[in-house]
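Remarks on the structure that follows.
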There are 2 protein chains.
Amino acid sequence: MSDHICGTGCSHFSHLNDADLQAEFAEARHSLRTSIGGEKVAGKAGLGGVTHRPLPSKKQGENVSHYYIPANDKTIHWGYFSKSMEPLIKLDSGDYATIETVTHHSNDDIERMVKGDPGVESIFHWDAKHKAVDRRGAGPMDHPLGAGGGLGVHVCTGPVFVNGAEPGDVLEVRIVDTMQRPSGNPDYRGKTFGSNVASNWGFQFNNLITEPKGREVITIYEVDAKGEQSWAKAVYNYRWTPQTDPWGKVHPIIDYPGVPVDKHSITPNYDILKGYEIPVRPHFGMIGVAPVEAEIVSSIVPSYSGGNFDNWRMGKGATAFFPVVVPGAMFSVGDPHASQGDAELCGTAIECSLTGVFQFILHKKADLPGTKLFGLDYPLLETESELIVHGFSSANYLKEFGDSDDAAAEMFKKSSLDSAMTDAFNKTRRFFMDTRNLSEDEAISLISVSVDFGITQVVDGNWGVHAIIKKSIFPK
Amino acid sequence: MSDHICGTGCSHFSHLNDADLQAEFAEARHSLRTSIGGEKVAGKAGLGGVTHRPLPSKKQGENVSHYYIPANDKTIHWGYFSKSMEPLIKLDSGDYATIETVTHHSNDDIERMVKGDPGVESIFHWDAKHKAVDRRGAGPMDHPLGAGGGLGVHVCTGPVFVNGAEPGDVLEVRIVDTMQRPSGNPDYRGKTFGSNVASNWGFQFNNLITEPKGREVITIYEVDAKGEQSWAKAVYNYRWTPQTDPWGKVHPIIDYPGVPVDKHSITPNYDILKGYEIPVRPHFGMIGVAPVEAEIVSSIVPSYSGGNFDNWRMGKGATAFFPVVVPGAMFSVGDPHASQGDAELCGTAIECSLTGVFQFILHKKADLPGTKLFGLDYPLLETESELIVHGFSSANYLKEFGDSDDAAAEMFKKSSLDSAMTDAFNKTRRFFMDTRNLSEDEAISLISVSVDFGITQVVDGNWGVHAIIKKSIFPK
């Protein structure tokens with residue numbers, strides 16, 4: 001797949017206009033609506049229903065594989081990245097994977113978002129005797145809130161090991177297509193739902209102006225499931241009430257993911273947001289590779305290796321680039337969103353299960369000089385018209401604050417848009433100087449007159465500011 | 001002009017689709033390219049060349065006036081707002097004014113941006129005997145840097161007094177059209193130029209990575225002057241060298257506006273940004289009404305009454321709404337930009353003289369309840385598809401920090417995107433609750449899933465975060 005391995009002088013934009021590749025994409029997209037068939041892979045992943053088959057490449061004499069990874073209790077890990085996990089599959093540069101992702105907020109409305117969907121049911125299964133996925137988060141297994149302590153909350157599908165990926169390389173992940181996951185409950189046939197949670201980690205939490213202060217509010221949205229992806233509408237909302245989990249622990253606030261909400265304990269309010277329509281932007285809030293600094297790391301706090309950076313531009317047609325820091329890259333994806341605004345203010349988006357078709361391209365370290373990936377040490381996002389640089393309150397909080405548990409807590413205390421703005425500026429300046437050979441003066445003027453800085457999120461501990469570079473500025 | 005005075009139930013969007021009004025706009029637009037003719041107004045403004053004529057309204061039996069305000073030493077004030085100034089003109093709600101604005105950075109390239117343009121020459125005239133506009137800024141007249149101290153830098157055209165405007169009302173300003181000001185120098189016939197200054201007040205200034213640190217760099221851009229408004233290209237740059245003003249004061253840094261740059265003292269570098277094209281976004285960086293808190297206020301620091309809020313969306317087709325706090329509103333406009341990115345990182349945009357056609361609409365206090373203007377205490381911007389709420393590090397720094405000179409200095413010390421984000425959130429939440437009758441829970445969810453927060457600027461002392469509300473979310 002030589003044209004997939006971009007080297008010196010490659011514009012990296014060619015796949016957007018490559019007819020052969022678009023045909024390959026079109027074929028891969030079928031997997032959004034039907035199984036790809038093929039053969040079960042070996043081991044645990046095979047038990048989890050992961051399959052693969054050859055995907056005839058449109059390039060003469062070339063071949064790629066297409067994997068299908070359903071989301072279930074055997075294919076997900078909950079609330080953390082870890083370089084030491086056993087990978088789910090190993091694939092080659094150029095290969096595709098259709099990956100189901102499930103929102104960790106499904107249990108906010110069990111009827112609409114869990115019931116009748118075997119994959120989601122298997123993930124959330126938790127009764128007096130059995131909790132299908134015990135560890136939820138990077139914390140200790142004997143944490144009083146539950147195993148993993150909820151120090152990390154996202155249901156992550158993966159990890160995917162990319163053959164040949166080594167520290168210093170860059171992993172490109174192309175999002176070929178996405179589709180919302182329909183409700184499995186026959187009562188809601190043909191509909192899709194998501195949950196928005198105004199939570200204790202939201203920007204508003206300590207600044208509410210109406211009573212009762214300290215409340216958390218869940219709003220359930222219906223999302224257009226016809227593939228048009230054009231709107232979401234609120235169905236009802238409710239205030240979180242203390243929920244007792246199946247093992248008897250009471251959760252007065254939302255402090256542990258996947259606690260089932262007893263619908264008899266809450267008071268639904270259907271008289272909300274009448275007539276309001278939210279433009280839908282399906283995307284993956286959490287997407288990235290395993291960091292090297294610690295054995296196990298919370299999925300909440302984004303960093304140089306990606307993770308929960310919550311940029312709504314990370315949807316269909318977008319491409320992400322991640323610095324590889326551990327063998328195989330160890331890619332995972334989760335936190336699917338139907339829509340969020342820049343800032344993700346209340347702590348969550350419309351959290352809504354989503355399936356994506358991804359293609360993985362490996363860029364070897366030696367090929368990076370002279371390309372836009374040279375020196376990349378943060379998640380870079382590319383859309384048809386933009387390159388988006390991600391800055392954070394701390395560029396690498398694991399390095400800055402040490403061991404992971406404490407690091408996340410320290411990071412939460414030091415969140416600031418001011419330092420995130422500085423980081424976004426530093427990275428953008430370096431991007432122009434290192435990959436476009438501009439002087440510092442040229443870079444600074446160009447940034448000031450043409451680059452837009454926005455607020456990615458203010459809720460993930462390590463707050464984000466992104467810089468949007470329009471590709472149209474570059475010399476033709 | 002009853003349809004111009006929006007009352008309860010008015011959508012305020014109607015003028016965008018009003019064929020009669022569009023015809024009126026079309027006629028007003030002629031004034032961008034030719035004098036409107038008409039009669040000289042009385043007084044100082046008449047000496048400054050201000051004229052007016054009736055503009056036949058397309059509405060039966062109605063009439064409006066159209067004013068033309070050229071920019072020259074008699075029609076501008078430099079570096080400040082003041083509620084106590086004598087207004088340049090007095091007009092009625094519904095009237096139009098074509099207003100020339102001139103960049104205070106014109107003297108960065110006298111040949112391209114001053115020479116041969118009588119209006120600009122009259123403003124910048126400063127020789128051993130005569131300084132045409134002495135006060136530049138809100139500081140003391142005996143300030144060591146020069147009269148006004150440069151505590152405020154923008155060449156402001158106005159003020160315009162709106163008849164009947166009283167505190168509690170809202171002034172709507174529609175930007176019907178804009179046009180770049182062509183160079184007056186025959187050597188550059190048909191071209192337009194602007195200056196971008198990486199300045200001592202820029203975000204980068206204390207964070208330069210190449211030598212010499214502490215430098216200020218001016219980049220001169222050529223801007224498409226054909227009215228297509230599609231591109232700007234860098235011509236050359238140079239480092240600021242100490243400049244001696246005509247009265248003998250040496251300015252080692254850019255500390256006073258309008259100091260003429262001796263072209264023999266600088267070293268132009270033409271080998272910059274080859275092939276880069278900046279998409280042009282002509283807009284007014286400084287636009288607003290006089291605040292009530294002080295007699296004279298720096299033009300640099302934006303606040304609730306508008307001013308230098310530097311949002312590039314403030315261009316053709318946009319509408320601004322300002323809370324009126326002094327009789328007549330006392331509107332001024334300046335700081336014209338050909339383009340800036342969100343953040344205006346290095347301290348300036350492409351500073352480029354611009355003429356605008358404006359229409360002024362007065363909304364009386366009694367008519368505000370039930371409209372989107374109810375409770376407005378910040379500059380609100382509207383485009384065809386968006387409503388944009390402006391938050392600042394301090395919502396009203398004049399109230400927070402007292403008397404104006406000290407207030408601006410205090411404000412500079414306390415700039416933070418974190419407090420600006422809080423202010424933008426507070427205002428957006430109140431917008432939905434007060435003007436759309438949503439509960440706090442509805443507002444917060446809607447904001448989180450659909451409102452985009454961006455960084456307006458980090459260089460004006462009172463840093464800005466704006467919230468972009470898509471109008472498509474509202475019930476049809």
What pairs in A:131/A:399; A:372/B:471; A:372/B:413; B:44/B:249; A:316/A:471 have C-alpha atoms more than 26 Å from each other? A:131/A:399; A:372/B:471; A:372/B:413; B:44/B:249
Distance check, please: which entries in B:90/B:365; A:427/A:470; B:233/B:263 exceed 23 angstrom between their Cα atoms? none
Run through the other copies and list how far each one's label point is from that of residue B:140, in nm with one decimal, shortest first; the point sits 7 Å from Cα along Cα-Cβ. 6.5
Charge tally for neighbours of residue A:307 with beta carbon under 15 Å away, counting Lys, Arg as +1 and Asp, Glu as -1, is -4
Among A:322, A:237, A:447, which residue has its Cα furthest toward the positive end of the charge dipole of chain A, with +1 on Lys/Arg Cβ and -1 on Asp/Glu Cβ? A:237
Shielding by partners, peptide B:268-275 (average Cβ within 10 angstrom, other chains): 4
Give me the residues in region A:426-445 whose solvent-accessible area, probe 1.4 Å, is reduced by at least 20 Å² once all protein chains are included instead of the chain isolated. A:429, A:433, A:438, A:440, A:441, A:442, A:444, A:445
Rounded to the nearest 0.05, what FRET efficiency do residue A:19 and residue A:44 have when you use their Cβ-Cβ distance and R0 = 35 Å? 0.35
How much mean residue ellipticity at 222 nm does the protein assembly as shown get from its helices, if each DSSP H run of length 4 or more adds -39500 (n - 2.57) and you divide by all residues, to the nearest 500 deg cm²/dmol? -4500 deg cm²/dmol
Those aspartates and glutamates that a straight Cα-Cα span of less than 18 Å connects to residue B:83, excepting residues fewer than 8 apart in one chain: B:166, B:169, B:293, B:295, B:377, B:403, B:405
Can you find, among A:159, A:146, A:126, the residue farthest towards the positive end of the dipole of region A:125-168? Put +1 on the C-beta of Lys and Arg, -1 on that of Asp and Glu. A:126
Counting Lys and Arg as +1 and Asp and Glu as -1, each charge on the Cβ, what is the dipole of chain A about the Cα centre in debye, to the nearest 20? 660
So with the 1.4 Å probe, I'd like the accessible area per residue for chain A, rounded to whole Å². 34
With Cβ to Cβ distances under 10 Å as the rule, what net charge do the other residues near residue A:123 carry (K, R +1; D, E -1)? -2
With label points built 7 Å along Cα→Cβ from the Cα atoms of residue A:476 and residue A:384, find their separation and express it in nm. 1.9
Summed residue charge, Cβ within 9 Å of residue B:235's Cβ, Lys/Arg positive, Asp/Glu negative: 0
Among B:408, B:426, B:472, whose Cα projects farthest towards the positive end of the dipole of region B:405-473, with charges put on the beta-carbon of Lys, Arg (+1) and Asp, Glu (-1)? B:472
Hey, any idea what % of the protein assembly as shown's accessible area is carbon plus sulfur with a 1.4 Å probe? 52
What share of all Cα pairs of the protein assembly as shown, in percent, falls into each consecutive 20 Å distance bin? 14, 43, 32, 10, 0
Could you state the orientation-averaged shadow area of the convex hull built on the Cα atoms of region B:405-473, in nm² to one decimal? 5.3
Can you work out the PRE-style zone for residue A:274? Point 7 Å along Cα to Cβ, and I want the residues of region A:235-262 with backbone N under 15 Å. A:235-237
Estimated inter-spin distance, residue B:247 and residue B:200, nm [label 7 Å along Cα→Cβ]: 1.8
Sorted by chain and number, the residues with a modelled amide H under 5 Å from that of residue A:158, at a separation of 5 or more or across chains, are A:77
Counting only DSSP beta bridges with both partners in the protein assembly as shown, the antiparallel fraction in percent, to the nearest 5, comes to 90
Checked region B:218-332 with the C-alpha gyration tensor, a ≥ b ≥ c its square-rooted eigenvalues, rounded below a/c of 1.5, otherwise prolate if a/b is larger than b/c and oblate if not; verdict oblate
Could you give the dipole magnitude of the protein assembly as shown about its Cα centre, charging the beta-carbon of Lys and Arg +1 and that of Asp and Glu -1, in debye to the nearest 20? 1100
Compute the long axis of helix B:440-450 from its Cα atoms, compare it with the longest principal axis of the Cα atoms of chain B, and write down the angle in degrees, 0 to 90, nearest 10. 50
Given charges of +1 on the Cβ of Lys and Arg and -1 on the Cβ of Asp and Glu, with all other atoms neutral, how large is the dipole of region B:405-473 about its Cα centre, in debye to the nearest 20? 300
Could you please state, rounded to a whole Å, how far the C-alpha centre of region B:124-174 is from the C-alpha centre of region A:208-275? 53
B plus A alone minus the pair: what accessible area, both sides summed, probe 1.4 Å, in Å² to 100? 5400
What are the extents of the Cα atoms of chain B along their three principal axes, in Å, largest first? 61, 51, 46
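The values are calculated or read from the model by the stated rules, or taken from the named source; none is laboratory data. Treat the numbers as computed from the prediction; the structure is a model and nothing was measured. Glycine also receives a Cβ, built like all others from the backbone with ideal geometry; neighbour counts cover every protein chain displayed. When the accessible area is computed, the model is the full protein with side chains, heavy atoms only, and any ligands, DNA or RNA have been set aside. Shrake-Rupley method; radii C 1.70, N 1.55, O 1.52, S 1.80 Å.
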